[in-house]
Amino acid sequence: MSTATVKPEEVGMSSAGLENVTCLVRRYVDQGRYAGTVSVVARRGEVVHFEANGLMDVERGQAMRPDTIFRIYSMTKPIVSVGLMLLYEQGLFQLNDPVSAYLPELADLKVFAGGDADRFEVREPARPMTVRDLLMHTSGLAALNGKNPVGELYRRAGLTGMDSTASLAELPRQLAELPLQADPGSRWIYGISTDLVGLLCEVISGQPLDQYLQDRLFDPLGMIDTGFSVPEPNIHRLAAAYTYAEPGGQQSRAFALADDPWTSDYTRPRSFLSGVAGLVSTAGDYLRFCRMLAGGGSVDGVRVIGPRTLQFMTANHLPDGRDLASMADFGGETRREGQGFGLGFGVLLDQTVAQTIGTKGEYFWGGAASTAFWVSPADDLITIFLTQLRPSATYPIRRELRAAVYASLTD
């Protein structure tokens, strides 16, 4: 189903070129690799492609809808990061403030210095963890799935991220008993830093994270379906979530049901409001968020953040202009040559080094269920792709979408 509002040629894009986007996502659905998808392309404030394909719930035979609700996982991070920077604009904190100024439980963190999860040594950190470290994933905190002793210690401590039954406020106490994986500022580790970004939103604003985001972002932007859970009247719009499975036997498709929408934890109030990966949203809602970003902090006359703040957030903050590949500890995951990182966003530094088509200064991120978005300020271009298949590295859809979307630009 298409809800495109203008012809692509009106905004410097090709209808024939965008047909490649349609063919690409439909091919994934037709070949049984994704159950269903919603894809969006917008330029110069106008939507030129908005399509829903396939099924949102294979088991029930429900067609994908333009207003389907998705688990956006790590596409939560940019939203929560913007939320914290709204408080920065009020002068309520500085980026080089030690995190312990707001979360005193973290004042005496030590760094893992050797050994294994059963017997290890620690040392003093080279410097304190700062607020900017949390926004940049240079806090020294480990990844929950890290294949290292600190990651194992996290798992033993029950730090299971968005599935936790604890409250967000309990996280500092848990982390205080565990070592950092690295000195703050020394490595880019894609871990649980943004959960603490969410907690800082609570501590500094004095509101629970869900209410704070509702008041400062979701209500002003008209993001009516974005939140940490799905209200009962909307459960019929929540997509089923799937995991990759080798096709064969009676199952010809390459995925298996992982989370039934009618029994999902997302249909109940959640105690752990994860800034890392806790939100659900729709393509329309996330487009409102992206239009705000592309509009320098405002959309349809509603301003939520300043344009200079967004420019600052989407610049590369890695030291000495480095890219992620030179600084990241991915634990065996895909490296990111030619890509930098700002305050909550990945940033394209050099498309030739990254070996993916794009425009320098494009900022982006994705989610664990193969979702993705990017905004190109130079091209005034927005792309959003939503589906529900884990892991996100199963197929190269993000690179393929870039090729198709950028090839459709005609000016």
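The values are calculated or read from the model by the stated rules, or taken from the named source; none is laboratory data. The structure displayed is predicted, hence computed values, not measured ones. With ideal geometry, Cβ positions are generated from the backbone for all residues, glycine too; neighbour counts draw on all protein chains shown. These area figures cover heavy atoms from the full protein model, side chains too; ligands, DNA and RNA do not enter into them. Shrake-Rupley method; radii C 1.70, N 1.55, O 1.52, S 1.80 Å.
If you sort D379, D411 by accessible surface, 1.4 Å probe, largest first, the order is D411, D379. Quickly work out the A117-to-A245 label distance, labels modelled 7 Å from Cα along the C-beta direction, and quote it in nm with one decimal. Computed distance between label sites A245 and A117 equals 2.8 nm. Only protein atoms count toward the accessible area here, which uses a 1.4 Å probe; on the chain, the carbon and sulfur part of that area reaches 49 percent. Against the chain, whose longest principal axis is taken from its Cα atoms, helix 193-205 shows a tilt of about 80°. Annotation: amide H-H contacts under 5 Å for F120 (H modelled 1.01 Å from N, sequence separation of 5 or more, or interchain): none. Placing pseudo-labels 7 Å out from each Cα toward the beta carbon at R156 and Q90 gives an inter-label distance of 4.1 nm.
Solvent exposure of the range 144-283, expressed per residue, is 40 Å² of accessible area, with all protein chains present and a 1.4 angstrom probe.
Dividing the convex hull volume of the alpha-carbon atoms in the chain by its residue count gives 139 Å³ per residue. For M13, the residues whose amide H sits under 5 Å from its own are T410, ignoring neighbours fewer than 5 places away on the same chain, with H placed 1.01 Å from N.
Accessible surface of I204, taken over heavy atoms with a 1.4 Å probe and every protein chain present, rounds to 30 Å².
Mean separation of Cα pairs under 8 Å and 6 or more residues apart, divided by the residue count, gives the range 77-189 a relative contact order of 32 percent.
Computing FRET efficiency as 1/(1 + (r/R0)^6) for E19 and R60, where r is the C-beta to C-beta distance and R0 is 22 Å, gives about 0.15.
Pairs of Cα atoms nearer than 8 Å and 6+ residues apart set the relative contact order; for the chain it is 22 percent. Listed by chain and number, the lysines placed with their C-alpha closer than 30 angstrom to that of K77 are K110, K147, K360; residues fewer than eight positions away on the same chain are left out.
Phi angles across the range 310-315 convert, under the Karplus curve 6.51 cos²θ - 1.76 cosθ + 1.60 with θ = phi - 60°, into 3J(HN,Hα) values of 5, 4, 5, 5, 9, 7 Hz, Gly and Pro given as x. Once C-alpha pairs closer than 8 Å and six or more residues apart are averaged by separation and normalised to the residue number of the range 258-395, the relative contact order reads 16 percent. In order along the range 171-178, phi translates into HN-Hα couplings of 4, x, 4, 5, 5, 4, 8, 10 Hz, rounded to whole numbers, per the Karplus curve 6.51 cos²θ - 1.76 cosθ + 1.60 with θ = phi - 60° and x for Gly and Pro. Here the sum of -39500 (n - 2.57) over DSSP H runs of 4 or more residues, divided by the residues of the chain, equals -7000 deg cm²/dmol at 222 nm, to the nearest 500.
Here the range 310-411 is treated as an ellipsoid with the same Cα gyration tensor; its semi-axes, largest first and in whole Å, are 20, 19, 13.
Note on R26 and A407: their simple-model spin labels are 1.6 nm apart, each label 7 Å out from Cα toward Cβ.
Loop-located trypsin sites (Lys or Arg not before Pro) across the range 248-296 with a Cβ neighbour count of 15 or fewer within 10 Å are R253, with loop assigned by DSSP. What do you get for the angle between helix 76-89 and the principal long axis of the chain? Use alpha-carbon atoms, 0 to 90 degrees, nearest ten. For helix 76-89, the angle is close to 60 degrees. Kirkwood Rh over Cα pairs of the range 68-161 into Stokes-Einstein at 25 °C, 0.890 mPa s: D in µm²/s? D, rounded to a whole number, is 159 µm²/s. Evaluating 6.51 cos²θ - 1.76 cosθ + 1.60 at θ = phi - 60° for every residue in the range 11-26, the Karplus couplings come out as 10, x, 10, 9, 4, 5, x, 5, 4, 5, 5, 4, 5, 4, 6, 5 Hz, glycine and proline recorded as x. Sites listed here are GluC sites (Glu not before Pro) in the range 104-212 whose DSSP assignment is loop and whose Cβ has at most 16 other Cβ atoms within 10 Å: E177.
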